[in-house]
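K.L.:
Submitted below is the structure of interest, expressed as structure tokens.
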Amino acid sequence: MKRSVAILLLSLSAVCLAKPPPCDRWPTNVAEGRLRNEGIIDPTKIDHSKTMAVRLASEKIGKDRFYGKDLYREVYHITYYENSGKQVSVITVNDAGWSECSMSGVEVFLVSQHMGPVEPLIKELK
């Protein structure tokens, strides 16, 4: 019985230690290219120092077929700021791994309006 409890506790701690790779640059760059190609933004007017990518979700979905390491599906909310103050926001979805952030293409969804609560739930989206 004690051995079962110890194994359970160790396995739970291993799950808690698993964290997704820091791959915000890949979807940020791909989304910017798609927005540019659609004529939604002009890269020369973007203040890249203010561009913000917030990971909304990440879930382990298995092992990647190239390296055999953990593969994650990641969802980001990315906001680009033009020098004029205009904001353009997108939601991106892509697969990423520790060996390679570009394990899939990037789906890009343009956010036309954010109708959040008075007090934002995700502080990074202010």
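The values are calculated or read from the model by the stated rules, or taken from the named source; none is laboratory data. In this text, all values refer to a predicted model and were calculated from it rather than measured experimentally. Using ideal geometry, Cβ is built from the backbone for each residue, glycine included, and neighbour counts are taken over all protein chains shown.
K.L.:
Just to verify a result, which residue in the stretch 31-77, among those that are crowded, with 19+ Cβ neighbours inside 10 Å and touching a residue at least 60 places away in the same chain (Cβ under 8 Å), is farthest from residue 103 (Cα to Cα)?
P.N.:
Here the residue is 35.
K.L.:
Right, another one. I want to confirm something. Restricting to the stretch 101-126 and keeping residues that are in a loop (DSSP other than H, G, I, E, B) and either touching a Gly at 6+ places or on another chain (Cβ under 9 Å) or acidic (Asp, Glu) (or both), which single residue is modelled with the lowest pLDDT?
P.N.:
This residue is 119.
K.L.:
Which one of these does residue 98 not meet: (1) of a type outside the set (D, E, K, R); (2) farther than 23 Å from residue 33 by Cβ; (3) in contact with an Asp or Glu (Cβ under 6 Å, 6 or more places away or on another chain)?
P.N.:
Exception for residue 98: condition (3).
K.L.:
Now for a different question. Answer yes or no: is there a residue in the stretch 71-86 that is among the small types (Gly, Ala, Ser) and within 24 Å of residue 20 (Cα to Cα).
P.N.:
no
K.L.:
Also, quick follow-up: Go through the stretch 79-102 and count every residue that is touching a Leu at 6+ places or on another chain (Cβ under 8 Å) and of a type in the set (Phe, Trp, Tyr).
P.N.:
Total meeting the criteria: 1.
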